[in-house]
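S.K.: Following this message is one structure expressed as structure tokens.
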Amino acid sequence: MSENEVKDPRIDGIKTKIRVVPDFPKKGIMFQDITTLLLDPKAFKDTIDLFVEKYRDMNISVVAGIEARGFIFGSPIALAIGAKFVPLRKPKKLPGQIIFEEYELEYGSDRLEMHVEAVDFSDRALVVDDLIATGGTLCAAMDLLKRVGAEVVECACVVELPELKGRERLEGKPLYVLVEYR
Amino acid sequence: MFAAENGLKGDPRLEAISAAIRVVPNFPKKGIMFQDITTLLLDRKAFKHTIDIFVDRYKDMQISVVAGVEARGFLFGPSIALAIGAKFVPLRKPGKLPGKVISESYELEYGHDRLEMHVGAVEPRERVIIIDDLVATGGTLSAAMSLLESQGAEVVECACVIGLPEVKGQHKLKGKPLYVLVEPSGLDEFC
């Protein structure tokens with residue numbers, strides 16, 4: 001969302017429901033806890049509605065959700081817009097033939113996996129996660145989809161931490177967020 | 001109890017759901033016929049049928065909480081919660097939830113694991129359903145029930161898409177009703 005757009009009145013209600021937990025998982029991190037948002041049925045519905053309203057006429061054929069909190073937002077969005085849902089998972093969870101993409105953590109690296117037959121070149125994809133920080137995970141997710149030839153239309157998150165500049169790592173793909181935390 | 005024995009006998013949606021579930025032999029290890037629900041999520045109609053059946057069942061039961069077991073319970077639980085106007089409470093692996101938690105351990109084939117829930121997520125006397133993709137021994141669901149009951153909530157029912165043979169004929173899990181949509185997909189459906 002740009003500063004010029006009029007903010008939807010539902011956004012404030014959503015923002016107040018996200019609990020900030022200091023020093024989790026370690027000192028210095030202000031953790032954005034969306035579980036409190038999920039405890040408010042109206043705010044949770046507003047969250048999903050905002051995404052659905054934006055994407056339902058964009059011919060999105062697949063919603064890719066990043067494990068695990070991306071599942072919570074991505075699967076209802078997929079259902080509502082009539083798209084497939086594809087889980088992007090931690091290693092060794094998916095039972096079929098997979099491709100994987102590694103991404104950097106602060107210390108070391110991790111890996112995201114996708115079923116190779118779930119998505120193909122005819123698909124227009126939306127990538128969903130609860131939050132974008134550095135953008136490393138979203139970037140890995142986009143790479144998985146691009147490798148099977150899908151078109152990544154947009155990335156969507158509930159929260160952005162703009163100071164970590166994750167938006168710049170998305171290779172020009174649009175990012176839509178509901179709430180910024182500074 | 002299976003949905004077919006509980007008012008949905010012959011419902012074509014159950015067949016569509018069953019057909020959309022892929023069996024992967026020898027995953028995660030030899031001898032296990034893994035029930036892969038990711039193919040169900042690729043079938044828009046069958047995925048919608050799955051959610052619709054649960055929503056139809058629970059929407060008039062004054063359920064205020066849907067608790068979903070990480071991670072595949074997160075694929076079904078939130079949509080059900082949204083449709084019936086209930087809270088969604090994730091039950092998670094250790095160390096993921098940032099606030100104050102309670103935890104319950106449960107048996108695995110070798111060793112054990114733990115399930116955690118935020119303190120304060122549910123209040124006493126709230127009516128809860130617990131969702132997971134599949135029930136085998138019931139160990140995970142039992143641990144989930146313990147977490148919720150320790151907070152004074154009432155577990156109304158446990159609900160799963162798939163129920164393994166161990167639960168066939170069982171209508172209850174630790175005294176609470178168990179509702180399952182389908183049996184494991186046929187062994188001859190190699191993909």
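The values are calculated or read from the model by the stated rules, or taken from the named source; none is laboratory data. Worth saying up front: this structure is predicted, and the values here are computed from it rather than measured. Cβ: placed from backbone, ideal geometry, glycine included. Neighbour counts: every protein chain shown. Note: areas computed on protein heavy atoms with side chains; ligands, DNA, RNA excluded. Shrake-Rupley method; radii C 1.70, N 1.55, O 1.52, S 1.80 Å.
S.K.: Among A:20, A:70, B:117, whose Cα projects farthest towards the positive end of the dipole of the protein assembly as shown, with charges put on the beta-carbon of Lys, Arg (+1) and Asp, Glu (-1)?
M.R.: My answer, from the dipole projection, is B:117.
S.K.: In Å², rounded to the nearest 100, what is the total accessible surface buried by chains B and A against each other with a 1.4 Å probe?
M.R.: The contact between A and B buries close to 2800 Å².
S.K.: Also: Express in % the proportion of alpha carbon pairs of chain A at distances exceeding 28 Å.
M.R.: On the way: 3326 of 16471 pairs.
The proportion of pairs with Cα distances above 28 Å equals 20 percent.
S.K.: Shielding by partners for A:61-74, please: the mean number of other protein chain Cβ atoms within 10 Å of each residue's Cβ.
M.R.: Details: counts 1, 2, 1, 0, 3, 0, 4, 10, 6, 1, 12, 11, 2, 4.
Taking all residues of A:61-74 together, the mean is 4.
S.K.: Tally Lys and Arg at +1 and Asp and Glu at -1 over the other residues with C-beta under 13 Å from the C-beta of residue B:117: what net charge comes out? Write out the running numbers ahead of the final one.
M.R.: Details: positive: B:87, B:92, B:93, B:96, B:100, B:114; negative: B:70, B:104, B:116, B:123, B:126, B:149.
Charge balance in the 13 Å sphere: 0.
S.K.: Also, quick follow-up: Compute, for the stretch A:1-143, the length of the dipole vector about the Cα centre, with Cβ point charges of +1 (Lys, Arg) and -1 (Asp, Glu) only. Units Debye, rounded to 20.
M.R.: Working: 19 positive and 24 negative charges, 102 e Å.
Magnitude of the dipole: close to 500 debye.
S.K.: Next question. Measure up A:42/A:173; A:27/B:93; A:54/A:146; A:165/B:100; A:27/B:96 against 19 Å on the Cα-Cα distance and list the ones that go over. Could the numbers behind the result be given before it?
M.R.: Values: A:42/A:173 30 Å; A:27/B:93 21 Å; A:54/A:146 22 Å; A:165/B:100 30 Å; A:27/B:96 15 Å.
Table pairs above 19 Å Cα-Cα are A:42/A:173; A:27/B:93; A:54/A:146; A:165/B:100.
S.K.: Given the protein assembly as shown, what percent of its DSSP beta bridges are antiparallel, to the nearest 5?
M.R.: Working: 26 of 71 bridges.
Beta bridges within the protein assembly as shown, antiparallel portion: roughly 35 percent.
S.K.: Additional query: Sum up the charges of everything whose Cβ sits under 14 Å from the Cβ of residue B:149, counting Lys and Arg as +1 and Asp and Glu as -1, but leave residue B:149 out.
M.R.: Values: positive: B:125, B:127, B:174, B:176; negative: B:104, B:123, B:126, B:154, B:157.
After counting each charged neighbour, the total is -1.
S.K.: Here's another thing I want to ask about it. Could you give the dipole magnitude of chain B about its Cα centre, charging the beta-carbon of Lys and Arg +1 and that of Asp and Glu -1, in debye to the nearest 20? List each step's numbers first, then the result.
M.R.: Details: 23 positive and 25 negative charges, 71 e Å.
The dipole magnitude comes to about 340 debye.
S.K.: Taking a probe of 1.4 Å, how large is the accessible area per residue of the stretch B:39-191, in Å²? Spell out each step's value before the answer.
M.R.: Values: 6230 Å² over 153 residues.
Normalised by residue count, the accessible surface of the stretch B:39-191 is 41 Å².
S.K.: Can you give me the accessible area per residue for chain A, using a 1.4 Å probe, in Å²?
M.R.: For chain A, the solvent-accessible area averages 45 Å² per residue.
S.K.: Express as a percent, rounded to the nearest 5, the fraction of DSSP beta bridges in chain A (both residues included) that run antiparallel.
M.R.: Working: 12 of 34 bridges.
Roughly 35 percent of the beta bridges in chain A run antiparallel, per DSSP.
S.K.: Under a point-charge model restricted to the Cβ atoms of Lys and Arg (+1) and Asp and Glu (-1), what is the dipole moment magnitude of the protein assembly as shown relative to its Cα centre, in debye to the nearest 20? Before the final figure, lay out each step's value.
M.R.: On the way: 49 positive and 56 negative charges, 93 e Å.
That gives a dipole near 440 debye.
S.K.: Here's another thing I want to ask about it. Need one number: % antiparallel among DSSP beta bridges in chain B, to the nearest 5. It would help to have the intermediate numbers written out before the result.
M.R.: Numbers: 14 of 37 bridges.
Here the share of antiparallel DSSP bridges comes out near 40 percent.
S.K.: Give the long-range amide H neighbours of residue A:103: residues separated by 5 or more places, or on another chain, with amide H under 5 Å away, using H modelled in the peptide plane at 1.01 Å from N.
M.R.: The answer is A:110, A:111, A:112.
S.K.: Once neighbouring chains are kept in place and the probe is 1.4 Å, which whole percent of the accessible area of the protein assembly as shown is contributed by carbon and sulfur?
M.R.: Numbers: 8440 of 16400 Å².
The C+S portion of the solvent-accessible surface of the protein assembly as shown is 51 percent.
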